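Bear in mind these aren't lab numbers, they're just calculated from the coordinates by the rules spelled out. Not measured: the values here are computed from a predicted model. Note: ideal-geometry Cβ built from the backbone for every residue, glycine included; neighbour counts use all protein chains shown.
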Amino acid sequence: MRGFWHDTVEFFPILMNGVALTIVVTIGSLLLSTVLGLVWAMMRVSGIKVLSTISASVINVIRGIPIIVLLFYLYFVMPDLGVTLSALQAAILGLGIAYSAYQAENFRAGIEAIDKGQVEAAQSIGMGWWLTMRRVVLPQAVRIVLPPYGNVMIMMLKDSSQASTITVAELALQGKLIASSTFKNTNVFTLVALMYLTMSIPLILLVRHFEKRVGKK
Amino acid sequence: MIALTDVHKSFGENEVLKGISASVHKGEVVCIVGPSGSGKSTILRCINGLESYDRGEISVEGLKVDRDAPSIVAIRTQVSMVFQRFNLFPHRTVLENVVEGPLYVKKEPRAVALERGRALLAEVGLAEKADAHPPQLSGGQQQRVAIARALAMQPKAILFDEPTSALDPELVGDVLGVMRKLADDGMTMVVVTHEMGFARDVADRVLFIDDGVIVEQGQAKAVLNQPQHPRTQDFLRRVLHLL
């Protein structure tokens, strides 16, 4: 750990560039996975056979492919099919798709935890499927879904490091580049680990807050 | 106003309705009584399309009840339902529960819906609970909110599915009182109930259902005081604890 403070001062600005990209990848793929996950979950509970079958198949396919392979596919194979994505686009798309399967299962569990009587009450005052979802089911499901959603956020923050495998210079890749050019492995990777941890702590506190709120209701 | 013609309904192998024919006229209070599992609640749930039926026909004001047709929304806004377990929306206040249908289904102006919502809560004796959330209320209070929610749709009829069965005995009276007032005001009501006193005093007609068929029907006092069919006699002996 000799010269740790000295190295910190020297490498911190470069690593912060990585942090910026890490945050972009995390937020981008979080938004995408949330929207996609909601779509899969809605299809799954729609009661329409075709839609729920498609949704179940998509979720299983996504779950069965490692994130890293999905990223390689988007970044290296898609150009052969005529679709060229930047590394950043491919990273957000890949992580977003990969995590949408977990989000969908989480959302579905939340939706199915709502008492059937709630849906019947909504129907009995003339609400259609979509209005019932929007006004009655989803607002109640959100409370149930939030704690696991917070955990997914933490996992996505850490898994954004997989974007390094397709050349996105986020925190992990910046660290690796500095380490391999300076041979200061210990100091650099300690610094990288501390920076991930620093970003995780607010999320961990957020999850705890969500859990307390659910416990109260 | 509500007409059932030879309605059949099965859950899998189990046939719960075996040819129900009945009608409910405007302003009439009809009580459906009978043992548990006889199909009473299923009849109500078929009338507003919460459940589908296999054969026969149900119509409301001449409109065929088909839960998969768009017309089901029109039927449900005319025929409200009050559930055994209240089924209030726990994430909304009492007043929001009441105005939910008028605002979001009937798209009434906010001020109009809120004003009527408050008036209805006053009518069921819960004006001061408008801003409370349902879980903070007693069962009896929740059920009265549910009745206000049903009334807020300005329905032509209300279906009551064992409205007092989930209540502590001392809370039953308040709910029955509200229902009695509704009946006096001329509301068309179909009530599945085990409250024989209410049926005798308030209902115009009683249907006794057992094993998916109407065993006996007629004027409330006649059926409940001098039942003709042995199954009705047996059932009444049991519920009135005369055994």
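General observations
- Anisotropy class of the range B:101-152 from Cα gyration tensor, a/c 1.5 cut: prolate
- Farthest toward positive dipole pole in the range B:26-105 [+1 Lys/Arg, -1 Asp/Glu at C-beta], among B:87, B:102, B:35: B:35
- Less than 5 angstrom separates the built amide H of residue B:188 from those of B:27, B:158, all sequence-distant by 5 or more or on a different chain.
- The range A:1-96 shape via C-alpha gyration tensor axes, a/c threshold 1.5: prolate
- Dipole axis of the range A:90-217 (+1 Lys, Arg; -1 Asp, Glu on Cβ), positive-most option in A:181, A:127, A:100: A:127
- Note on A:113-122: average number of Cβ atoms from other chains within 10 Å of each residue's Cβ is 5.
- Cα gyration tensor shape for the range A:121-217, rounded if a/c is under 1.5, else prolate or oblate: oblate
- To the nearest ten degrees, helix B:169-184 and the longest principal axis of the Cα atoms of chain B are 90 degrees apart.
- Measuring between alpha carbons in the structure, the pairs from A:116/A:158; B:26/B:106; A:49/B:156; A:49/A:212; B:9/B:106; B:40/B:156 lying more than 26 angstrom apart are A:116/A:158; A:49/B:156; A:49/A:212; B:9/B:106.
- Across the range A:90-106, coupling constants 3J(HN,Hα) worked out from phi with the 6.51/-1.76/1.60 Karplus curve, θ = phi - 60°, read 4, 5, 5, 4, x, 5, x, 5, 4, 7, 4, 5, 5, 4, 4, 5, 5 Hz, and Gly and Pro carry x.
- For residue B:32, nonlocal amide neighbours, meaning residues 5 or more places apart or on other chains whose placed amide H falls under 5 Å from its own, are B:191, B:192, B:193, B:207.
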